[in-house]
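The values are calculated or read from the model by the stated rules, or taken from the named source; none is laboratory data. The model shown is predicted, which means the values in this text are computed figures rather than measured ones. No Cβ is skipped: glycine too gets one built from the backbone with ideal geometry, and neighbour counts run over all protein chains shown.
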Amino acid sequence: MAAHLAQGLAACDVETHVITRQTQPPVATRERIGRIEVRRIQPAGRLKGAGLRALPALVYYLVKLVVMLIVESASFDVIIISGMKIIPLAAVPVCRLMGKKCVIRVESPFEIIEPISAESLGTMGAIGRVLPRVLRKMQLLVLNRADAVIAISADMVGVLSGCGLPRGRIAAIPNAIDLSRFRSLPADQRASLRLALGILPGRTMVLYTGRLSRAKGVEMLLDVWRDLVASHPDLLLVMVGSGRGSWDDCEDQVVAYVHTHSLTDSVVLAGQSDRVHEYVQAADLFVSPSDYEGFGLAIVEALAGAVPVVSTAVGIAPQILQHNVNGFLCPPKNRRALADALELAVQQRDRWTEIGRLGREAAQEFDLPRVSARYADLVCRLSGRQPTSAAVS
């Protein structure tokens with residue numbers, strides 16, 4: 001998402017540079033991607049879940065970032081920080097010191113509610129009971145020192161307001177998608193695509209895309225699916241994604257459940273894929289059973305593809321879905337409610353084309369150029385000048 005928004009800002013004639021961590025395996029430390037100059041600094045690799053072992057690497061990264069921002073402060077006007085975890089603790093004070101404007105884009109309520117992941121806390125022993133409280137106080141301090149904080153959904157506005165942040169400094173700007181990529185296909189192209197993806201004629205494809213993790217509600221979905229497919233044997237659940245890298249990975253449990261409950265004919269585990277838009281274009285119905293979401297990009301992608309959506313009322317879903325009008329809503333963590341919503345959606349098959357059309361209309365506000373223009377307007381307002389330069393870290 002940060003990459004999309006950076007390119008979108010550049011398209012709005014805002015000179016944009018990206019600073020990020022190096023990947024593992026490493027790639028170029030400096031390169032130009034489209035209109036964006038990208039720099040990658042050490043340390044590389046995954047730090048989440050490493051607990052105190054990650055502390056030296058994080059300190060090293062923050063020190064390098066601080067030095068870079070101070071040395072190059074004349075080259076930028078605004079810093080946009082994508083994520084609330086650690087970087088704001090260093091970048092916001094630098095902005096105050098150098099007289100620069102600073103924006104924090106909070107990606108999830110759990111960045112504030114859970115400043116250190118449960119996976120990491122489990123490795124910290126006694127210090128793990130104290131450190132989250134200290135870190136949360138520091139986060140709240142820098143949040144209140146930022147010039148603007150971007151909330152990607154109404155849920156996030158509520159979380160930030162609950163932290164005492166003045167409403168005037170909360171910028172409600174959603175995540176963005178490429179509507180030209182996520183779109184419906186003509187019937188003949190869609191039929192060919194379904195065959196290419198292994199979806200046999202006569203099956204009704206229900207799609208889930210996202211992590212195979214407990215917080216995404218996938219275990220509850222499979223429990224509901226076992227009963228649903230007994231009444232509607234033509235249904236085929238296609239799950240695109242992996243649990244790899246998630247602190248609450250449940251991929252092994254998902255695989256085991258499918259096999260032990262004889263669901264192999266009605267559930268396809270497609271794994272990680274870079275063809276998500278094709279799965280969306282092939283789907284008849286989309287389901288999102290998440291316990292919580294900061295936003296819920298997969299829902300918007302499905303709506304953009306004119307696919308009817310069944311979703312728990314988390315993240316962006318209750319803002320854009322009207323139950324049984326342009327989609328179907330149910331409370332999170334409620335098995336019976338999810339089962340009822342899926343059953344209702346299946347019973348409304350004859351309305352799916354119309355529901356999908358209304359969903360596509362609702363997705364228009366998330367088109368990348370439109371959202372990027374709102375970021376550009378925010379940058380201009382903060383800098384008090386015409387778009388010149390923004391750094392995204």
Picking from Val255, Val238, which residue would you name as being outside any loop (DSSP other than H, G, I, E, B), of a type in the set (Val, Ile, Thr) and out of contact with any Leu (no Cβ under 6 Å at 6 or more places or on another chain)?
Val255
Given the criteria at pLDDT below 85 and either outside the structural domain of Ala91 (by TED's automatic domain parsing) or not hydroxyl-bearing (Ser, Thr, Tyr) (or both), does Ile113 qualify?
yes
I need the full set of residues from the stretch 147-167 which are within 22 Å of the chain's Cα centre (by Cα), in contact (Cβ under 8 Å) with a residue 60 or more places away in the chain and in a loop (DSSP other than H, G, I, E, B), in order please.
Ile152, Ser153
Out of Arg244, Arg214, I need the residue that is at pLDDT below 95 and surrounded by fewer than 16 Cβ atoms within 10 Å (Cβ to Cβ). Which one?
Arg244
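One line per residue, one yes/no per condition, for (1) modelled with pLDDT of 85 or more; (2) assigned to a loop (DSSP other than H, G, I, E, B); (3) crowded, with 17+ Cβ neighbours inside 10 Å:
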position	(1), (2), (3)
Ile19	yes, no, yes
Pro25	yes, yes, no
Ala28	yes, yes, no
Arg32	yes, no, no
Gly45	no, yes, no
Arg53	no, no, no
Ala57	no, no, no
Lys64	yes, no, no
Val67	yes, no, no
Do the conditions hold for Thr204, that is, is it of a type outside the set (D, E, K, R), closer than 18 Å to Val309 by Cα and surrounded by fewer than 20 Cβ atoms within 10 Å (Cβ to Cβ)?
yes
So which residues in the stretch 268-289 are assigned to a loop (DSSP other than H, G, I, E, B) and surrounded by fewer than 24 Cβ atoms within 10 Å (Cβ to Cβ), if there are any at all?
Gln272, Ser273, Asp274, Arg275, Asp284
The residue that is modelled with the lowest pLDDT, considering only those in the stretch 197-211 that are β-branched (Val, Ile, Thr) and over 19 Å from Lys333 (Cα atoms), is Ile199
Regarding the stretch 370-387, can at least one residue be identified that is over 30 Å from Ala74 (Cβ atoms) and not aromatic (Phe, Trp, Tyr)?
yes
Within the stretch 232-241, restricting to residues that are touching a helix residue (DSSP H, G or I) at 6+ places or on another chain (Cβ under 8 Å) and surrounded by fewer than 21 Cβ atoms within 10 Å (Cβ to Cβ), the one that is farthest from Ala298 (Cα to Cα) is His232
Please determine, by comparing only the residues of the stretch 168-220 that are in a strand (DSSP E or B) and free of Cβ contacts under 8 Å to residues at least 60 places away in the same chain, which one is nearest to Ala282 (Cα to Cα).
Ser213
Touching a strand residue (DSSP E or B) at 6+ places or on another chain (Cβ under 8 Å), acidic (Asp, Glu) and surrounded by fewer than 21 Cβ atoms within 10 Å (Cβ to Cβ): which single residue out of Asp227, Asp249, Asp265 fits that description?
Asp249
Please verify whether the stretch 371-383 includes one or more residues that are assigned to a loop (DSSP other than H, G, I, E, B), at pLDDT below 95 and either crowded, with 24+ Cβ neighbours inside 10 Å or assigned by TED's automatic domain parsing to the domain that holds Pro88 (or both).
no
The lone condition Leu179 fails out of (1) modelled with pLDDT of 80 or more; (2) surrounded by 15 or more Cβ atoms within 10 Å (Cβ to Cβ); (3) within 30 Å of Met98 (Cα to Cα) is (3)
